[in-house]
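Take a look at the structure below.
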Amino acid sequence: MSHEPVRLEILSDPICPWCYIGKAGLDAALERRADHPFAVSWHPFMLNPDMPPGGMDRRAYLQARFGPPEAVVQAYLPVQQAAERLGLAPDLSRIARTPATLDAHRLIHWAGAAGVQTRVVSALFAAYFTHGQDIGDRGVLAGLAAGAGMDGAEVAARLASDEDTEPVRRADATARARGIQGVPCFVIGGEYVVTGAQPAEFWLRVIDELAGRA
């Protein structure tokens, strides 16, 4: 298959469970179509743009959002089921705090320049959903960056500054101004917008259709 790269821009938040699931569906398709045309990039959308820098207690956050414990369980049951169908093993009980994700988005932005963006996004999802790590903690973020091949000390220094704070906030605000209200949101070739976590079969159809046009 010979083709020009097709931009696949993904708006997501690393604490968004449906973004985690949506990435797994996309990954499964890309593994099956190793010659896919996509040039993938990740862009910021903060589920909680007004979250205090230190985040908040997970239980308090969930109850404020969904109500009593039984309502929280009902809200997350589809997430757990969808994750298990994809072979994911989230352990939501390990998450103690819901973090602010501004710093995580700054790291994702820098990872793009370093050529390891998807690797860092994967590490963030695993850290949060599987290991219950606080991905609002700058030390945790620097460690994840180092594990993905970036310079951990350099990332720590950049996180300690305000570097790229405003561009990330602007990108988040711009997405909302364009009518995006939830994530994941996929923009294919700068034209077609797909919202929500899609199964691998959807992406396989898209890839095969793009190949047919080539």
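The values are calculated or read from the model by the stated rules, or taken from the named source; none is laboratory data. This structure is a prediction, so every number in the text was calculated from the model and none was measured. The area values use the complete protein model at the heavy-atom level, side chains included, leaving out ligands, DNA and RNA. Shrake-Rupley method; radii C 1.70, N 1.55, O 1.52, S 1.80 Å.
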Task: Solvent-accessible area per residue, Å², over the chain with all protein chains present [probe radius 1.4 Å] - done: 50
Open item on the list: Need the C-alpha centroid separation for region 1-44 versus region 92-148, integer Å.
Closed with: 18
Open item on the list: Students sometimes get this wrong: rank Leu8, Leu77, Leu144 by accessible area, probe 1.4 Å, all chains present, largest first.
Closed with: Leu77, Leu144, Leu8
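Counting only protein heavy atoms and using a 1.4 Å probe, what share of the accessible area of the chain belongs to carbon plus sulfur, as a whole percent? List each step's numbers first, then the result.
Values: 5480 of 10600 Å².
With neighbouring chains kept in place, the figure for the chain is 52 percent.
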- [ ] Report the accessible area of Tyr128, computed with a 1.4 Å probe over the heavy atoms of all protein chains in place, in Å² rounded to the nearest 10.
- [x] 0
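Using only the Cα atoms, work out Rg/Rh for region 65-202, with Rh taken as the Kirkwood radius, to two decimals. Intermediate values should be presented prior to the final figure.
On the way: Rg = 16.4 Å, Rh = 16.8 Å.
Rg/Rh: 0.98.
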